[in-house]
1. For the chain, set up a Gaussian network in which alpha carbons nearer than 10 Å are linked by springs, and say which option among Arg78, Arg183, Arg11 fluctuates the most.
2. One quarter of the convex hull surface, Cα atoms only: what value does that give for the stretch 145-249 in nm²?
3. Only Lys, Arg, Asp and Glu count, each charged at its Cβ (+1, +1, -1, -1), so figure out the dipole size of the chain about its Cα centre, rounded to 20 debye.
4. Using modelled backbone amide H atoms (1.01 Å from N, in-plane), which distant-in-sequence or interchain residues come within less than 5 Å of Gly215's amide H?
5. Name the residues whose placed amide hydrogens come within less than 5 Å of the amide hydrogen of Ala169, ignoring near sequence neighbours (fewer than 5 apart) on the same chain.
6. Springs between alpha-carbon atoms under 10 Å, Gaussian network over the chain: tell me which of Ala51, Ala289, Ala179 tops the mean-square fluctuations.
7. List the residues whose amide H sits under 5 Å from the amide H of Val273, counting only those 5 or more places along or on another chain, with H placed 1.01 Å from N in the peptide plane.
8. So what is the 222 nm mean residue ellipticity for the chain from helices alone, if each DSSP H run of at least 4 adds -39500 (n - 2.57) and you divide by all residues, rounding to the nearest 500 deg cm²/dmol?
Amino acid sequence: MTETQTRPRYRGVFPVVPTIFDESGRLDLDGQCRAVDFMIDAGSDGLCLLANFSEQFVLGDDEREILMKRMLEHVAGRVPVIVTTSHFSTDICIERSRRAEAMGAAMVMVMPPYHGATIRVGAAGLWDFFRRLSDAIGIPVMIQDAPVAGTPLPAELLAQMAREIAQIAYFKIETPQAAAKLRSLIELGGAAIEGPWDGEEAITLLADLDAGATGAMTGGGYPDLIGPIVHAYLAGRRDEAVAGYERILPLINYENRQCGLIAAKALMREGGVIRSEAVRHPLAPLHPATRDGLLEIARRLDPLVLRWG
């Protein structure tokens, strides 16, 4: 692809930006901007908007538009921004992606089309979905390969799409045995795999870096702790990266296994970044004991989030 010779290659830590609500469940745009400012101050190499960890599934289409516009304007080019534009409909995904590109997104992230537990698209339909999307925009596409979609995405299929569909270049791998899949994807796709990325809150980060990952999309609570690990590894200082990962792994584990998407907001509220860690019903707030456990582990590590406010 000629594009890969001139466009930037994105690496490092691109955490997911949580969506900030007030206690009544309305968008808190001031808090949203503060969350973004904190994440940039914490050393994020870029940001990802409207992902699953942003609670994109509880947002109306009008709210998605408001958030995308406000956050891209507020970031104002300080870091590159990935916008999640997933939708089952090819046309709606394309329209979302075009708007994201027009507003300044550096990349879009898209899950394979699915609905509920049983409605899936076969390989031919997936190919045409991503080909049409690629033809419609001029920025890279990251395919999010996550169990929530329930759609098999063999490494062979992903690699072939990377080789033959212009904008398909980045892959966030969150399936079981993610490192093995990343390794296969890199071997099969070669230079067409511009960005083999880790996901799932960095719970498999070290194994994925060993497999060749060059980026990580994590939760948004502590990029200042995860960033140095990824940067050290990519600079060839593996021992330093291993030591850093061992140090913060209890926090990563607690976020991934106990808290989920609320962890970042709980940390941000505790540190005065935002006023409310509310999630929208039917999601439930953290149990107080779970929240206390998160904060106990975090305080030992002194992340910026607990001091930024």
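1. Arg78
2. Numbers: hull surface 26.6 nm².
Approximately 6.7 nm², given one-decimal rounding.
3. Computed about the Cα centre, the dipole is about 120 debye.
4. Under 5 Å from the amide H of Gly215 lie the amide H atoms of Gly12, Asp198, each far enough along the sequence or on another chain.
5. Val141, Ile143
6. Result for the chain, Cα springs under 10 Å: Ala289 fluctuates most.
7. Amide H to amide H, under 5 Å and 5 or more residues apart or across chains, Val273 pairs with Gly309.
8. Values: 12 runs with 140 residues, N = 309.
Result for the chain: -14000 deg cm²/dmol, rounded to the nearest 500.
All of the numbers you see were taken from the coordinates with simple rules; none came from a lab. In this text, all values refer to a predicted model and were calculated from it rather than measured experimentally. Methodologically, a virtual Cβ is constructed for each residue, glycine included, from the backbone with ideal geometry; neighbour enumeration extends over all protein chains shown.
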